[in-house]
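The values are calculated or read from the model by the stated rules, or taken from the named source; none is laboratory data. Note that the structure is predicted; figures quoted are calculated from it, not measured. All Cβ positions, even for glycine, are placed from backbone atoms using ideal geometry, and neighbour counts span all protein chains on display.
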Amino acid sequence: MKWETEVSRLLGITYPIVQGGLAHLAYADLAAAVSNAGGLGQITAMSLETPEQLKEEINKVRSMTDKPFGVNFAIGQHGRPYEHMVTAAVEENVPVISVTGGNPKPVLDRLKGTNIKKLVLVAARRQAEKAEQLGADAVMVVGQEGGGHIGRDDIGTFVLTPQVVDAVSIPVIASGGIGDGRGLMAALSLGAEGIEMGTRFIATKECLHAHENYKKALIEADELGTTVIKRSLNAPARALKNKWTEKILLLEKENPGYEGLREYISGEANKRYIYEGKYEDGFGWAGQIASRIKDVPSVSELFSRMLKEAEDIRSKWC
Ligand SMILES: Cc1cc2nc3c(=O)[nH]c(=O)nc-3n(C[C@H](O)[C@H](O)[C@H](O)COP(=O)(O)O)c2cc1C
């Protein structure tokens with residue numbers, strides 16, 4: 001079965017499946033595995049400290065795959081400068097750059113005149129329209145089911161995707177709550193030209209940085225197993241429910257502001273959970289699709305399974 005869509009053509013990939021940026025988790029091993037399986041793997045630039053480290057990681061991906069891959073920039077991290085990191089990716093002439101978490105204009109402007117494909121991850125229709133005006137080649141749109149930072153308006157993927165498809169003329173990549181062939185086909189039916197997945201890729205063999213306990217927690221989570229923290233900061237984000245997130249929600253009732261929450265929502269608290277497996281002493285981002293994750297396959301096994309499910313659906317329709 002042919003899987004060519006506007007997104008696969010744009011990105012030069014076999015299947016229209018993008019691995020989302022995953023803070024502190026998406027390094028060369030995962031990115032190369034996804035690209036080798038026929039999707040678009042990405043490394044997360046802002047999990048690295050210096051442009052040299054980013055260039056090293058880019059070269060590591062290149063040593064593991066000759067397929068296209070992306071570098072993701074979550075630029076809204078409390079004013080942390082990112083321009084020098086974008087320059088490093090441009091100097092390495094990476095195939096794709098994706099940006100999220102703030103005004104994408106400076107990054108998109110920096111990429112003008114290069115061959116680098118520009119993706120913007122948004123969580124609302126108006127942001128998608130803005131991304132198109134600013135020169136994005138495609139827009140990824142994440143519904144409120146998604147893991148990590150989500151939109152402020154609580155719109156689910158099933159409503160948001162067709163809304164954005166109708167609002168912009170660039171290709172749309174649906175994200176949030178997708179983890180199998182059914183999700184892939186549903187997204188294409190909604191008018192998307194591809195999908196992005198985050199949570200599902202954490203529970204794969206090649207996500208080497210995710211501790212066993214994190215993967216176990218994803219498998220054990222049911223549909224009530226995640227919660228949204230940081231609403232009081234106007235930056236809602238979905239994480240696995242545990243005592244730590246309960247404490248955050250309790251604190252948020254008092255509107256403590258960023259300083260009052262800092263210790264609880266810090267990168268350190270995140271890393272204790274995801275790297276050290278301290279599952280009550282920190283937090284791990286995850287989407288509602290965790291409830292559908294039952295195993296830890298290799299990325300290529302995951303792709304084969306998803307594509308088979310999707311093809312079975314397509315043959316049922318014909
Ligand atoms: C652990 C985790 C970390 C994330 N970090 C980033 C990031 O650094 N940059 C980014 O663009 N998106 C990030 N996201 C969002 C994902 O790229 C993707 O949009 C989201 O996971 C899609 O929803 P899903 O989890 O239901 O697949 C993160 C998501 C998770 C679960």
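Collect the residues in the stretch 26-43 that are surrounded by 24 or more Cβ atoms within 10 Å (Cβ to Cβ) and among the hydrophobic types (A, V, I, L, M, F, W, C), keeping them in residue-number order.
Ala26, Leu30, Ala31, Ala33, Val34, Ala37, Leu40, Ile43 - these are the residues of the stretch 26-43 that are surrounded by 24 or more Cβ atoms within 10 Å (Cβ to Cβ) and among the hydrophobic types (A, V, I, L, M, F, W, C).
Looking only at the stretch 90-106, filter to residues that are within 16 Å of the ligand (Cβ to nearest atom) and part of a loop (DSSP other than H, G, I, E, B); which one of those is farthest from Lys130 (Cα to Cα)?
For the stretch 90-106, the residue satisfying everything is Val94.
I need the full set of residues from the stretch 249-279 which are within 16 Å of the ligand (Cβ to nearest atom) and outside any loop (DSSP other than H, G, I, E, B), in order please.
Hits for the stretch 249-279 are Ile265, Gly267, Glu268, Ala269, Asn270, Lys271, Arg272, Tyr273, Ile274.
Only one of Gly113, Gly76 is within 20 Å of Gln133 (Cβ to Cβ), at pLDDT 95 or above and either among the small types (Gly, Ala, Ser) or in a strand (DSSP E or B) (or both); which?
Gly113 is the lone residue from the list that is within 20 Å of Gln133 (Cβ to Cβ), at pLDDT 95 or above and either among the small types (Gly, Ala, Ser) or in a strand (DSSP E or B) (or both).
Could you grab the pairs with beta carbons closer than 6 Å, sequence gap of 6+ or different chains, first residue in the stretch 14-27 and assigned to a loop (DSSP other than H, G, I, E, B), second one within 7 Å of the ligand (Cβ to nearest atom) and among the charged types (D, E, K, R)?
Listed pairs, sorted by first residue: Gly20/Glu196.
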